[in-house]
Amino acid sequence: MAAQIISGKVLAAQIKESVRAEVNTLTAQGIRPCLAVVLAGDNPASATYVRGKQKDCAECGIESKLLHLPAEVTQTELLRVMETLADNKDVHGMLAQLPLPAQIDDQKIIAAIPPEKDVDGFTPVSAGKLLIGEESMLPCTPAGVIAMLKYAGVPLAGKRAVVLGRSNIVGKPASLLLLRENCTVTVCHSKTQGLQDICAEADILVAAIGKAKFVTADMVKPGAAVIDVGINRGEDGKLCGDVDFDAVQQKAGWISPVPGGVGLMTRAMLMVNTLKACKQQNGLA
Ligand code: NDP
């Protein structure tokens with residue numbers, strides 16, 4: 001039997017709708033959540049992501065500010081922009097769109113974001129809080145992955161979860177969130193030996209490596225939940241994930257599509273975090 005498709009479209013729309021309702025209530029009280037996005041340079045993919053964020057803000061009634069800086073911006077100049085946003089009480093959430101130009105040290109820029117405005121959940125404080133299990137801003141993509149699994153009713157506690165990829169923005173935080181859900185978690189990376197066999201034991205398989213159709217049906221346990229974070233261009237030039245969707249959906253119990261999966265959830269969770277930041281800064285959460 002083919003797998004149940006976990007649509008990011010449906011869930012993200014529901015989440016944004018509930019954000020919109022709360023934003024309306026806040027706005028009626030004179031509080032308008034605001035997200036500031038810093039974009040440096042003209043990377044077309046980054047520009048597309050930023051446009052998506054602005055569109056989501058508009059749909060949710062959140063104010064969005066875009067600070068578009070030239071590709072040659074210096075670290076000092078960029079830090080100054082970050083500090084100005086950090087001090088601006090009308091800005092509740094802020095982020096710098098990654099990747100930043102080569103002359104910029106990403107980590108120094110991220111560290112300039114006050115934890116309470118860290119809607120990407122990338123600052124060392126947010127990452128540390130996630131590690132020790134304290135309440136914090138959760139990184140949007142991993143938070144979206146967990147929301148999808150829960151929405152689909154995938155059993156998590158006690159199950160074996162395998163995360164492919166160990167980046168700071170996806171793999172590592174996804175593994176910590178699965179651990180928080182009481183999964184038994186294995187993290188695989190480019191040096192992992194016996195990766196195929198490890199994957200084939202997973203009840204929950206999260207693929208975040210950036211390799212088109214890397215996860216094939218023989219790597220998937222029958223009935224497993226497969227969440228595809230990857231965004232790649234296939235040989236045919238079409239957008240595809242890290243999972244060979246057509247083959248794997250014949251074997252998995254649940255599967256998320258690309259496009260229409262985790263990407264939309266990432267966007268929705270940014271709206272959730274911006275609302276949360278605004279409420280916290282106004283003593284409402
Ligand atoms: P990174 O490039 O930062 O990390 C990739 C990870 O995959 C690394 O840990 C790397 O291992 C591992 N890896 C690479 N090749 C292999 C391999 N052959 N076998 C096992 N592990 C491997 O990527 P990101 O985490 O930023 O993103 C991963 C994917 O998710 C990309 O396609 C990206 O576009 C997508 N993405 C999607 C988002 C969404 O909203 N849907 C959001 C963010 C990312 P090592 O550490 O050893 O190098």
- request: Report the one residue of 154, 212, 115 whose Cα lies farthest in the direction of the positive end of the charge dipole of the chain (charges on C-beta: Lys and Arg +1, Asp and Glu -1; origin at the Cα centre).
  value: 154
statement: Computed for segment 216-285: size of charge dipole around the Cα centre, +1 on C-beta of each Lys and Arg, -1 on C-beta of each Asp and Glu, debye to nearest 20, value 520 debye
- prompt: Along segment 246-259, what does the Karplus equation 6.51 cos²θ - 1.76 cosθ + 1.60 (θ = phi - 60°) give for ³J(HN,Hα), rounded to whole Hz, x for Gly and Pro?
  reply: 4, 6, 5, 5, 6, 10, 6, x, 9, 8, 9, x, 9, x
field: Inter-probe distance in nm under a simple model that places probes 7 Å from Cα toward Cβ, at residue 232 and residue 14
entry: 3.0 nm
query: Taking the inverse of the average 1/r across all pairs of different Cα atoms in segment 76-167, what Kirkwood radius in Å do you get?
result: 15.1 Å
message: Please list, in order along segment 122-135, the HN-Hα scalar couplings obtained from phi with the Karplus expression 6.51 cos²θ - 1.76 cosθ + 1.60 (θ = phi - 60°), rounded to whole Hz, x for Gly and Pro.
response: 9, 6, x, 5, 5, 4, x, 5, 4, 4, 8, x, 8, 4
Cβ-Cβ FRET estimate between residue 189 and residue 218, R0 fixed at 25 Å, reported to 0.05: 0.80
- line: Over segment 137-238, with neighbouring protein chains present, the accessible area per residue in Å² at probe 1.4 Å is 46 Å²
message: List the residues, sorted by chain then number, that are 5 or more residues from residue 69 or on another chain and whose placed amide H is less than 5 Å from its amide H.
response: 39, 40, 41
- request: Quick one: which residues, 5 or more positions from residue 243 or on another chain, have an amide H under 5 Å from its amide H? H modelled 1.01 Å from N in the peptide plane, none for Pro or chain starts.
  value: 213, 214, 215
message: At a threshold of 8 angstrom on Cα-Cα distance, excluding pairs fewer than six apart, so keeping six or more, what relative contact order does segment 99-245 reach in percent?
response: 17 percent
message: I'd like the carbon and sulfur percentage of the solvent accessible area for segment 206-285, probe radius 1.4 Å, heavy atoms only, ligands and nucleic acids excluded.
response: 54 percent
- prompt: Which net charge results for the neighbourhood of residue 107, defined as the other residues with beta-carbon distances under 14 angstrom from its beta-carbon, given Lys and Arg at +1 and Asp and Glu at -1?
  reply: -3
In nm, spacing of pseudo-spin labels at residue 71 and residue 27 (7 Å Cα→C-beta vector): 3.7 nm
message: Please compute the length gained on full extension between residue 132 and residue 107, using 0.36 nm multiplied by the number of residues separating them and subtracting their Cα-Cα distance.
response: 6.9 nm
task: For segment 142-201, with all protein chains present and a 1.4 Å probe, just round the carbon and sulfur fraction of the accessible area to a whole percent.
output: 50 percent
- line: Per its Cα gyration tensor (rounded if a/c is under 1.5, else prolate when a/b beats b/c, else oblate), segment 1-102 is best filed as oblate
- prompt: What angle, in degrees between 0 and 90 and rounded to the nearest 10, separates the Cα long axis of helix 8-28 from the longest principal axis of the Cα atoms of the chain?
  reply: 20 degrees
task: Let me see the pair-distance distribution of segment 129-174: every alpha carbon pair, 10 Å bin width, integer percents in order.
output: 24, 54, 22
statement: Summed over the other residues with a beta carbon less than 10 angstrom from that of residue 187, with K and R at +1 and D and E at -1, the charge totals +2
- request: Could you calculate the contour length gain from residue 116 to residue 247, that is, 0.36 nm times the residue separation minus the distance between their Cα atoms, to one decimal place in nm?
  value: 42.9 nm
query: What order do you get for 32-38, 211-217 when each peptide is scored by the mean count of other beta carbon atoms within 10 Å, highest first?
result: 32-38, 211-217
message: Accessible area of segment 28-87 with a 1.4 Å probe: how many percent of it is carbon plus sulfur?
response: 55 percent
- line: residue 178 neighbourhood, Cβ < 15 Å, K/R = +1, D/E = -1, net charge +3
message: Suppose R0 equals 30 Å. What FRET efficiency, 1/(1 + (r/R0)^6) with r the Cβ-Cβ distance, do residue 58 and residue 151 give to the nearest 0.05?
response: 0.75
- prompt: With a ≥ b ≥ c the root eigenvalues of the C-alpha gyration tensor of the chain, is it rounded (a/c under 1.5), prolate (a/b larger than b/c) or oblate?
  reply: prolate
task: First check a/c for segment 154-228, with a ≥ b ≥ c the square roots of the eigenvalues of its C-alpha gyration tensor; if it is under 1.5, answer rounded, and if not, answer prolate when a/b is larger than b/c or oblate otherwise.
output: oblate
query: For q = 0.11, 0.17, 0.18 Å⁻¹, what log10 I(q)/I(0) does segment 144-273 give under the Debye formula with an equal point scatterer on each alpha carbon and no solvent?
result: -0.32, -0.82, -0.92
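The values are calculated or read from the model by the stated rules, or taken from the named source; none is laboratory data. On a predicted model such as this, the values are computed, not experimentally measured, just so you know. Every residue, glycine as well, gets a Cβ built from its backbone with ideal geometry; the counts of neighbours run over all protein chains shown. Just so you know, the surface numbers come from the protein's heavy atoms only, side chains and all, with ligands and any DNA or RNA stripped out. Shrake-Rupley method; radii C 1.70, N 1.55, O 1.52, S 1.80 Å.
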